[in-house]
Amino acid sequence: MVRTSHAFILAFAGMFLIAIIAFIGGWTASNAAGNPPFGSFATTLVFPAENNEANTPSEIEEEFAVFWDVWHLVDEEFYHVDPIDRQQMVYGAIRGMLASLGDDYTIFQEPEIAEKSRESMSGKFEGIGVYMSVRDGQLIVERPIKQSPAMKAGLLSGDVIVAVDGVAMAPFIRELGESKAMEEASTRIRGEKDSTVTLTIYRETTDTTFDVDIVRDEVPLISVYGQMLANGVAYIAITEFKATTTKELDEILRELLPQNPTGIVLDLRNNPGGFLTTAQEVSGRFYEGTALYEEDSQGHITELRTIGAEQDMQVFDLPMLVLLNGRSASASEIVAGALRERRPNTILLGERSFGKGSVQNVHKMRDESSVRITIAQWLTPDQNHIHKVGITPDFVVPYLQEDRFAVPCIAEQQPPEGLDTCQDSQLSWSLRLLTDHDPADQLAPTGTLHELRVIEAV
């Protein structure tokens, strides 16, 4: 989970200190949940002191002396042909400082990447409109965004992006690693409105490779989807907890509740997290009370409550089933854990969640770079820690790749291309539990945590 604030570089007498950030998952997690690439907004502004030198403790100056000794040695002795990029030296020093803390979620982003993160969480950007990730050395389409250029061009979940404008992606993944390769792919695929990008796609279901030209456009980052399923069950999927998510959820509830659903499936699978405030608001649509607790470094525990909705947006009584998998992280775990512990008639089904139980403050620096700093861990309403543990659902049903086709298949009885029938999926089990009360407890927990893939929208 992430909280955001603005901050400015604090520089003083022969030394620098720079405040700090995050992406997300997660991601991408206001207090965003998830590394996802996420978080709630801390509105505190941090300004530089008028006389930073006077405010610098002597012991810190002494500790920085070695740093500046090395800096000057590089300046004086390092053999180089091209000019030394001092900005990259500063950024590298910041990364090293944060890495020394041993926390995967306390991180730094340079201005260009930080702007993409801010843009992604704001609710719109210019590109083709597809969520992608790296899996098994390939660049994979996780899902196209509704009504986006990618969806109109026919891209499907599970498609492999082999090349962008004729440039193969696999070598970048091998040479740069997943995170840097995602940045490279994102830079190549995103672009200005009305410009064109050519993707080479491999589709496993039909064993075909083909090129598709996509004209970029402004893409609304829709994070909530909903429709009625069989037997009067309302299906709601939240893909991330963005600034616009609560408004989107309210619109979906206004559409579905007049149809008198008999139950709700809340799908939080592959949700890397997001803003803490948004998680509190989403929970507030389904119950009223404690949303979570925060525990700081001194062991002080603070209760955070749900943020309520108008009465016609409150869905407190309908049976609910929450879907999780190993890539449900941070804010999605907050909501799932709170619903199970505080909302009657609520079941969790799927796989054990990722297990990100920390809270980050996100700071925007004066050069538009960004820093995320872990400030606390969060606990469920029953004060259970989930960091690096995750949440085990009441009924454990493995997540299969075919599950991504389940919603349209079950709702419209329309099997995906290359398949003859709708697969038995987590969603199928959900409907059985909500409507027929079939037991699924013969399925045992796997007991393993998943690696959280960075999922990026481009």
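Readers should treat all values here as calculations from the given coordinates under stated rules, not as data from a laboratory. Computed from a prediction, not measured in an experiment: that's the story for all the values here. In this analysis, Cβ positions are derived from the backbone assuming ideal geometry, glycine residues included, and neighbour counts consider all displayed protein chains.
The spacing between the range 221-281 and the range 181-220, judged by their C-alpha centroids, is 27 Å. In this simple spin-label approximation, Q87 and I60 carry label points 7 Å from Cα along the Cα→Cβ vector, and these lie 2.5 nm apart. Model label points for D296 and R135, set 7 angstrom from Cα along the Cα-to-Cβ axis, are 4.1 nm apart. The stretch between D207 and S179, if pulled fully straight at 0.36 nm per residue, gains 7.3 nm over its current Cα-Cα span.
Extending 7 Å from the Cα toward the beta-carbon at both E218 and E126 defines two label points whose distance is 1.0 nm. Over 28 Å apart at the Cα level, from the set K152/K356; K180/K247; K116/K152; K193/K356, are K152/K356; K180/K247; K193/K356. With the convex hull of the Cα atoms taken as the outline of the range 125-220, the averaged projected area works out to 5.5 nm².
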